[in-house]
1. Within segment 67-89, does at least one residue satisfy the condition of being within 20 Å of Trp24 (Cβ to Cβ), of a type in the set (Val, Ile, Thr) and touching a residue at least 60 places away in the same chain (Cβ under 8 Å)?
2. Residue by residue through segment 300-331, note down the ones that are part of a loop (DSSP other than H, G, I, E, B) and among the polar types (S, T, N, Q).
3. Which number in (1) at pLDDT 95 or above; (2) out of contact with any Asp or Glu (no Cβ under 7 Å at 6 or more places or on another chain); (3) hydrophobic (A, V, I, L, M, F, W, C) marks the one condition that Ala306 misses?
4. For segment 529-537, check the following and say yes or no: at least one residue is out of contact with any helix residue (DSSP H, G or I) (no Cβ under 7 Å at 6 or more places or on another chain), polar (S, T, N, Q) and either in contact (Cβ under 8 Å) with a residue 12 or more places away in the chain or farther than 25 Å from Thr470 by Cα (or both).
5. It is to be established whether one or more residues within segment 365-378 are without any contact (Cβ under 8 Å) to a residue 60 or more places away in the chain and not aliphatic (A, V, I, L, M).
6. When you scan segment 338-351, how many residues do you find that are buried (at least 24 other Cβ atoms within 10 Å of the Cβ) and assigned to a helix (DSSP H, G or I)?
7. I'd like the full set of residues that are more than 18 Å from Met594 (Cβ to Cβ) and either among the polar types (S, T, N, Q) or assigned to a loop (DSSP other than H, G, I, E, B) (or both), limited to segment 432-447.
Amino acid sequence: MTSNASPSAPRPLPAVDDLNAFYWSAGRDGVLRFQRCQDCASLVHPPQPVCCYCHSDRLGVTEVSGRGTVIGVTVNHQPWEPAFPPPFVVASVAIDEDPRVRVITGLVDIPAEDAAVGLRVHVRFEQAEDVWLPVFAPMPEEPGPAEAAPDEPGPAETASEEPGPEQSDESRRGLVFGPLPDDAIAPAEHGRHVRPMVRADKFEDRVAITGIGMSPVGRRLMLPPLALAAAAARAAVADAGLELSDIDGLSTFPGGELIGGFTEGGVTALADTLGIRPTWYNGGSETFGPGGAVVAAMLAVASGLARHVLCFRTVWQSTYAAQQRAANPGGGSPYGIGGRGGRITGPQGYIAPYGVGSVAINLAMIASNYFRRYGATREALGWIAINQRANAALNPQAVYRDPMTMDDYLNARMITTPFGLYDCDVPMDASLAVIVSAVETAHDLASPPVFVEAVGTQITERFLWHQSTTSHEPQTLGPSAHLWSRTSLRPADVQVAQLYDGFSFNCLSWLEAMGFCGVGEAADFVAGGHNIARKGGIVALNTHGGQLSAGRTHGMGMIHEAVVQLRGQGGERQVDGCSVAAVSTGGLAPAGAMLLRRS
């Protein structure tokens, strides 16, 4: 393997500017360069105007050895972008001088089947127009990690003592493997970074969820997304026993324009359609996952800005994809990374040149680190997918309801290792809505209120996916620790957990982050499916089938199902005695968690 990119199609290239030009031109000299803080000696990547560690603005540029360790790797089998015909390898490499710096890259001079976490590598460069792209090749021998000069102390470096699975395959003889660098914060230590409550009284005690609604759902409904949003909104208002005129707040994620089947047009579109004139409204993607719109609504109601806030989330990716295929037959995936019409700006510019055309690739690299670090295998992900399918069989709204076996799971086509088809959520058309009301009104409305025990929103790590946690899905450990700091309840008090599962590995991370099992223990916890089953389990997981089988609702479906279970309205899938439900929303994006209760 010499390069991921196809010579017949131009690969996406980064936008070069005054801040990053040194990085993209360093390969012309055959070296790798990063920003270096002149005060704390940290390497900073991607380049930025202020050191994210000590906040100094005295940043220079330094040359590094170009050596590192592969901390995440995936072989992608899905065609996302013409420039990258599958299969191809994408890797994350931690740099020796400061392992907090990770370079998303391609691997060269190694067969795809030999690419593995722990591989020691050194930099090469591939020129594309005015950009020299760093790629990495296996090291022929192990020279040892580069050390900072005595007069330039670098950040403390630690290495995991766990060697992970032995690299004993004959095809890997002659390759050098090393220990894995640890994350800046160990998984169990995020709680130490949680900020204490400002006051004893909680805003959560002043709100309740009083209504839920769902539009028609399914694959390729070919309905306007705004029609789906209006249907869900009206259903939620009716469920609460309210009138549209009672709604004085609107909140949505991500809001805005009709991009890629991810939204109906936002607050302004729905407000105009339904004739709502809110006293408060909110819409945007920079929040705590899709549930961030609901948390924002809670804050608005608790502060007195609004009395009844309608929160909604619309997806129509299935119809959108069909429309794109009809408009451009054979034109590749509608979710591709693009790059034909210009240079890629921002953080995406550091990953798009290597074929990272899907969230799946990012998360698959993290899953590979988890597998190596804790000895998990694909079967752990399989038990989650099988559990979701068993629950979906009892949900008439679920997209996939046929039984699934472990053989079905393992034999499905690969998407990007270790993820196969059944590790990935199902694109669909749907809109869901919930009403957040002032608690004083809750008992006067039509449906049993669901109360909010606590929310978890704190971010304890870097926002950028490719520079954040490598052992677990980023943005799960901080919000989970924050949630438990705001309640006296504990994981043992929870009967159902509706945990985000855009991919099966999301669920594995959330189970550990939320404390339903210990760090590194999720594979054993889910084995056999008994602990996560609806009947007789420790905690019933994703009782509606989750996004893996019920369909992709980007987290709002998790809140909807939690309310259904707490009301006792789950029918055949109802969990007996459900009084507390844990919910998480968000996968790789900034995420949030909440704890809901019946009384």
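The values are calculated or read from the model by the stated rules, or taken from the named source; none is laboratory data. Since the structure is predicted, the reported quantities are computational estimates derived from the model, not experimental observations. Neighbour counts run over all protein chains shown; Cβ positions are idealised from the backbone, glycine included.
1. Within segment 67-89 (the criterion being within 20 Å of Trp24 (Cβ to Cβ), of a type in the set (Val, Ile, Thr) and touching a residue at least 60 places away in the same chain (Cβ under 8 Å)), the answer is no, since none of the residues qualifies.
2. Asn328 - this is the single residue of segment 300-331 that is part of a loop (DSSP other than H, G, I, E, B) and among the polar types (S, T, N, Q).
3. Condition not satisfied by Ala306: (2).
4. Taking segment 529-537 as the starting set, the residues that turn out to be out of contact with any helix residue (DSSP H, G or I) (no Cβ under 7 Å at 6 or more places or on another chain) are 530, 535-537.
Now drop any that are not polar (S, T, N, Q), which leaves none.
Checked segment 529-537: no residue is out of contact with any helix residue (DSSP H, G or I) (no Cβ under 7 Å at 6 or more places or on another chain), polar (S, T, N, Q) and either in contact (Cβ under 8 Å) with a residue 12 or more places away in the chain or farther than 25 Å from Thr470 by Cα (or both).
5. Checking segment 365-378: at least one residue is without any contact (Cβ under 8 Å) to a residue 60 or more places away in the chain and not aliphatic (A, V, I, L, M).
6. Of segment 338-351, the ones buried (at least 24 other Cβ atoms within 10 Å of the Cβ) are 350-351.
Those still in the list that are assigned to a helix (DSSP H, G or I) too: 350.
Number of matching residues: 1.
7. Here is the first cut: in segment 432-447, the residues more than 18 Å from Met594 (Cβ to Cβ) are 440-441, 443-447.
The answer is Thr441, His443, Asp444, Leu445, Ala446, Ser447.
Residue-by-condition table, conditions (1) crowded, with 17+ Cβ neighbours inside 10 Å; (2) modelled with pLDDT of 95 or more; (3) in contact with a helix residue (DSSP H, G or I) (Cβ under 8 Å, 6 or more places away or on another chain); (4) among the β-branched types (Val, Ile, Thr):
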| position | (1), (2), (3), (4) |
| --- | --- |
| Leu32 | yes, yes, yes, no |
| Val75 | yes, yes, yes, yes |
| Arg102 | yes, yes, yes, no |
| Leu119 | yes, yes, no, no |
